[in-house]
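What follows is calculated from the coordinates using simple rules that are stated; it is not laboratory data. A quick note: this is a predicted structure, and the numbers were derived from the prediction, not measured. Ideal geometry is used to build each Cβ from the backbone, glycine not excepted, and the neighbour counts take in all protein chains shown.
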Amino acid sequence: MHSTVIIYLNLWDNLIHTEGCLILFNTIKRHSSLEFLDIGLNVLRDDCGVKALFNLRDNEKLKYLGMSGNSLGDEFAIELENFLETNI
């Protein structure tokens, strides 16, 4: 049996909502080979953005995370600032 390693994943404009986002980032937390992830132009809100940052805090492989075109607001912005201060 062969294992597949995904390093590039583009999920742009797929109508992903919060539930799908939470499942996605729980999976990414367990499979840390991903280097590029674009989940822009979906239906994501602060709760998903915060969960994404929480699950990515120990990920050293991811080089690009695209989240533009979503409904991310102040709560996400605050968490992003904290994330960048501790992970860069």
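Worth a mention:
- Gyration tensor (alpha-carbon) shape descriptor, the chain, a/c threshold 1.5: oblate
- Summing +1 for each Lys or Arg and -1 for each Asp or Glu among the other residues whose beta-carbon sits under 13 angstrom from that of CYS48 gives -3.
- Residues ARG30, ARG45, ARG57, arranged from fewest to most other Cβ atoms within 10 angstrom of their Cβ, appear as ARG30, ARG57, ARG45.
- Net charge dipole size for the chain [Lys, Arg +1 and Asp, Glu -1 on Cβ; Debye, nearest 20]: 400 debye
- Least to most buried among ASP13, ASP58 (fewest other Cβ within 10 Å first): ASP58, ASP13
- Label point at ASP58 placed 7 Å out along Cα→Cβ; residues across the stretch 65-88 whose backbone nitrogen lies under 16 Å: 87
- A DSSP coil position with no more than 15 other Cβ atoms inside 10 Å describes the following GluC sites (Glu not before Pro) in the stretch 1-70: GLU35, GLU60.
- Loop sites in the chain: chymotrypsin sites (Phe, Trp or Tyr not before Pro), DSSP, at most 14 other Cβ within 10 Å: TRP12
- Since only MET67, LEU9, LEU84 are under comparison, the one whose Cα sits farthest along the positive direction of the charge dipole of the stretch 8-87, derived from C-beta charges on Lys, Arg, Asp and Glu, is LEU9.
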